[in-house]
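The values are calculated or read from the model by the stated rules, or taken from the named source; none is laboratory data. Because the structure is predicted, anything quoted here is derived from the model rather than measured. Using ideal geometry, Cβ is built from the backbone for each residue, glycine included, and neighbour counts are taken over all protein chains shown.
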Amino acid sequence: MNKTTNMYITNRSVSIASLVMILIGLFSVCIAFITDPHAAWTNLLFNNYFFLGISLFAVFFVALQYVAEAGWSTILKRVPEAIMTFLPYTSIVMLFIVVTAVLHFGGNHIYHWLEPGIMTEGSANYDKIIAGKEPYLNATFFLIRSFIYVIIWVYCARRLRQISLEGDLEGDIGEKSYWKGLRVSGWFIVLFAVTSSTAAWDWIMSIDTHWFSTLFGWYIFSEWAVIGFASILLMTLLLNKQGYLRHLNDSHIHDLGKWLFAFSIVWTYMWFSQFMLIWYANIPEEVIYHMERIELDNYRFLSWFSLAINFIIPALFLMSRDAKRNKNRLIFVCIVVLIGHWINSYLLFAPGTLHDHGHLGILEIGLGIGFLGLFIKVVLTSLSKRDIELKHHPFLEESKHLHT
């Protein structure tokens with residue numbers, strides 16, 4: 001039995017802990033739907049969005065290494081490949097939320113523009129601005145787009161993992177499998193460039209239907225990049241501490257740390273650019289988005305707190321070269337950043353759906369713990385089924401001897 005399998009079978013405490021976390025999540029979501037169905041849908045949506053972003057970015061990361069012909073990350077390739085196995089779970093939940101929103105099932109009224117009569121002139125619910133967006137924002141097209149996103153993402157993720165396995169079985173340097181992966185990755189990058197933005201418009205920005213931002217797609221991608229790099233780096237470091245990924249060195253860690261630091265700054269820049277331009281213009285239908293988040297008592301502290309830790313912690317702790325090679329410091333920063341962006345994920349949804357009734361409390365945290373438990377179980381199970389160490393890859397030797 002290889003060491004990869006032993007990792008999961010012998011570490012029963014992690015398996016039990018993940019199961020307990022899943023039960024906490026199930027209990028929390030059941031209580032949420034019993035007490036306040038509308039808030040429960042928001043709770044489910046924002047937690048699912050957070051983990052969908054992590055798992056989807058893992059697919060993007062693997063595809064990017066192919067199209068860039070990058071060799072530095074080859075020895076840790078199994079980590080993002082394991083993370084992206086969680087994508088089908090979050091995709092199913094996302095489709096469930098979308099379908100129930102269209103059918104108004106179970107009190108799902110997250111998307112205001114789906115309310116009956118809102119686009120029908122003469123109706124008591126008629127909204128002229130929303131009606132003007134009907135060619136794009138209509139239930140049928142909304143469903144079709146959502147299914148297209150999921151099908152593309154999940155298919156490419158599964159195909160890239162399958163090709164990676166073929167590379168291990170191929171022998172030599174796995175050149176044939178590499179070129180297959182390059183072709184799939186090229187198509188994925190092109191499709192992802194479009195679908196990542198349109199999915200952000202559909203699933204998040206359309207909640208605040210009167211509001212729009214031309215930066216929103218980039219803003220969401222930068223957040224996915226931060227939490228994606230943080231998750232890949234955190235899991236890589238924790239595995240290495242347990243004796244896995246034997247060829248991981250300070251240069252690999254430094255490169256991942258640089259990406260985490262860089263995209264934390266990019267995310268902050270996107271946040272500020274969107275905020276500053278809207279606030280300066282002071283157009284009522286635009287500024288309301290930020291007013292709900294920084295002027296309502298139940299969101300004000302969370303807004304400034306999440307901005308502060310998502311920018312200040314990476315900036316302070318990862319500025320120097322040595323800091324990006326300090327494993328314990330990087331683990332701390334990754335955990336803080338993931339918590340900070342989980343809070344920011346809540347702020348993307350709650351003000352537009354719950355308005356002044358939103359509250360980040362025990363049930364939201366409980367469901368987040370449940371998602372985390374399922375994420376840990378799925379990812380570790382995936383790692384246990386395959387060798388963590390790649391056997392055949394054109395850039396394997398280059399990655400083993402990386403020095404920067």
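Quick notes on this structure:
- Test: residue in segment 274-289 that is under 19 Å from the mean Cα position of the chain (by Cα), part of a helix (DSSP H, G or I), at pLDDT 90 or above and surrounded by 17 or more Cβ atoms within 10 Å (Cβ to Cβ): no
- Test result for L360, buried (at least 22 other Cβ atoms within 10 Å of the Cβ), at pLDDT 90 or above and within 30 Å of L19 (Cβ to Cβ): no
- Tabulated pairs, segment 160-173, first at negative phi and touching a residue at least 24 places away in the same chain (Cβ under 8 Å), second surrounded by fewer than 16 Cβ atoms within 10 Å (Cβ to Cβ) and part of a helix (DSSP H, G or I), C-beta under 7 angstrom, 6+ apart or interchain: E170/K176
- Flag if A17 is in a loop (DSSP other than H, G, I, E, B), modelled with pLDDT under 95 and surrounded by fewer than 21 Cβ atoms within 10 Å (Cβ to Cβ): no
- Pair list, Cβ under 6 Å, 6 or more apart: segment 24-53 residue within 10 Å of F371 (Cβ to Cβ) and surrounded by fewer than 23 Cβ atoms within 10 Å (Cβ to Cβ), other residue of a type in the set (D, E) and modelled with pLDDT of 95 or more: none
- Selection within segment 297-308: residues that are out of contact with any Gly (no Cβ under 6 Å at 6 or more places or on another chain) and buried (at least 16 other Cβ atoms within 10 Å of the Cβ). The member of this set that is nearest to I220 (Cα to Cα) is L307.
- The sole residue among R325, R329, R300, R321 that is under 28 Å from I265 (Cα atoms), in contact with a Phe, Trp or Tyr (Cβ under 9 Å, 6 or more places away or on another chain) and of a type in the set (K, R) is R329.
- Each residue in segment 370-398 was checked for being out of contact with any Leu (no Cβ under 8 Å at 6 or more places or on another chain), over 14 Å from F86 (Cβ atoms) and of a type outside the set (K, R), and 8 of them qualify.
- Exactly one residue out of L383, L354 is buried (at least 18 other Cβ atoms within 10 Å of the Cβ), closer than 28 Å to L237 by Cα and either over 15 Å from the mean Cα position of the chain (by Cα) or among the charged types (D, E, K, R) (or both): that is L383.
- Residues satisfying the stated conditions in segment 223-268, i.e. among the hydroxyl-bearing types (S, T, Y), modelled with pLDDT of 95 or more and surrounded by fewer than 20 Cβ atoms within 10 Å (Cβ to Cβ): T268
- Looking across segment 278-295, the residues that are in contact with a Ser or Thr (Cβ under 9 Å, 6 or more places away or on another chain) and either within 20 Å of T209 (Cβ to Cβ) or of a type in the set (S, T, N, Q) (or both) come down to I278, E286, Y289, H290, R293.
- Residue that is nearest to the chain's Cα centre (by Cα) [pool: residues in segment 10-56 that are within 16 Å of I97 (Cα to Cα) and among the hydroxyl-bearing types (S, T, Y)]: Y49
- Residue satisfying condition, being closer than 30 Å to I34 by Cβ and at pLDDT below 95, within set L114, L87, L76, L95: L114
- Residue check for T140: surrounded by fewer than 13 Cβ atoms within 10 Å (Cβ to Cβ), assigned to a helix (DSSP H, G or I) and among the polar types (S, T, N, Q): yes
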